[in-house]
Amino acid sequence: MRPLKLILFASFLGMCSTTGSFNYEIESNNINYTIPDKINIFVNESSKTTDLSVEVNFIESEPKVESIELVFSMKFTEDYEDESKGVCIGPDWEGNGPGEIKLLLNNKESFKKTISAINNSDVDRCMNYFYYLREFKIFTFDNETILIGVASNYAKKYPDAPEVWLINKNNVIDKIGDTNIEKYSLNFELSK
């Protein structure tokens with residue numbers, strides 16, 4: 001799954017900022033439950049801060065979804081194709097610290113969320129940071145949880161991409177279908 005990627009460069013009063021947009025379309029089969037059809041990730045970076053906005057869209061005008069939990073993880077330092085010899089720390093996300101971003105998107109807020117980070121440029125020698133979606137959970141008004149596989153299964157407690165699981169009110173797990181999501185394909189990148 002490749003993102004539709006748009007990057008714009010702008011300069012304001014001598015301070016450089018970068019804005020990036022990563023847009024993903026989700027297709028599913030054999031699923032009788034509401035799952036999103038689009039995820040849009042917007043990044044606005046300046047030299048001191050980074051703002052991350054995530055928006056999840058549904059085909060249905062009023063989905064039976066109460067909230068969505070997304071967890072993004074930063075790829076480990078040794079995976080970077082970077083010439084730096086230092087440690088990759090990444091931005092310090094409010095309430096999360098560097099490395100992991102956990103977002104809860106609510107129906108009341110139209111499944112949109114923005115989080116900010118302070119860049120650790122003084123101690124961080126890396127120039128690029130790659131984040132991938134590690135967990136994608138949907139909580140329905142009927143007290144059911146839908147787990148959408150976006151990465152690996154993490155000790156069989158989470159579905160592999162492209163599987164979709166349903167955990168019903170009685171805590172019974174069933175595979176309910178598949179999506180077009182490939183492992184680690186829902187991602188975004190930051191750069192200094």
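The values are calculated or read from the model by the stated rules, or taken from the named source; none is laboratory data. This one's a predicted model, so the numbers in the text were calculated from it and none came from an experiment. Positions of Cβ are generated from backbone atoms using ideal geometry, with glycine treated the same way; all protein chains shown enter the neighbour counts.
Structural remarks
- Any hit, the range 146-161, residues being surrounded by 16 or more Cβ atoms within 10 Å (Cβ to Cβ), out of contact with any Ser or Thr (no Cβ under 9 Å at 6 or more places or on another chain) and more than 25 Å from ILE59 (Cβ to Cβ): no
- Within the range 129-181, the residues that satisfy the criterion of being within 18 Å of ILE68 (Cβ to Cβ) and of a type in the set (Lys, Arg) are ARG134, LYS137.
- Residues satisfying the stated conditions in the range 38-59, i.e. assigned to a strand (DSSP E or B), under 17 Å from ASN120 (Cα atoms) and hydroxyl-bearing (Ser, Thr, Tyr): THR49, THR50
- Taken over the range 122-145, the residue count meeting the criterion of being modelled with pLDDT under 85 and exposed (fewer than 13 other Cβ atoms within 10 Å of the Cβ) is 2.
- Subset of the range 89-99 (residues that are in a loop (DSSP other than H, G, I, E, B) and at pLDDT 75 or above): ILE89, GLY90, PRO91, GLU94, ASN96, PRO98, GLY99
- Residue satisfying all of: in the range 62-76; surrounded by fewer than 16 Cβ atoms within 10 Å (Cβ to Cβ) and either among the hydrophobic types (A, V, I, L, M, F, W, C) or farther than 18 Å from ASN40 by Cα (or both); modelled with the highest pLDDT among these: GLU66
- For LYS137, the stated conditions do not hold, so it cannot be described as of a type in the set (Lys, Arg) and assigned to a loop (DSSP other than H, G, I, E, B).
- Screening the range 162-175 for residues that are farther than 17 Å from GLU135 by Cα and not polar (S, T, N, Q) and picking the one that is modelled with the lowest pLDDT gives LYS169.
- Top-ranked residue of the range 38-53 - restricted to ones that are in contact with a Leu (Cβ under 9 Å, 6 or more places away or on another chain) and among the polar types (S, T, N, Q), ranked as modelled with the highest pLDDT: ASN44
- Residue match in the range 100-114 (condition: modelled with pLDDT of 90 or more, β-branched (Val, Ile, Thr) and surrounded by fewer than 16 Cβ atoms within 10 Å (Cβ to Cβ)): yes
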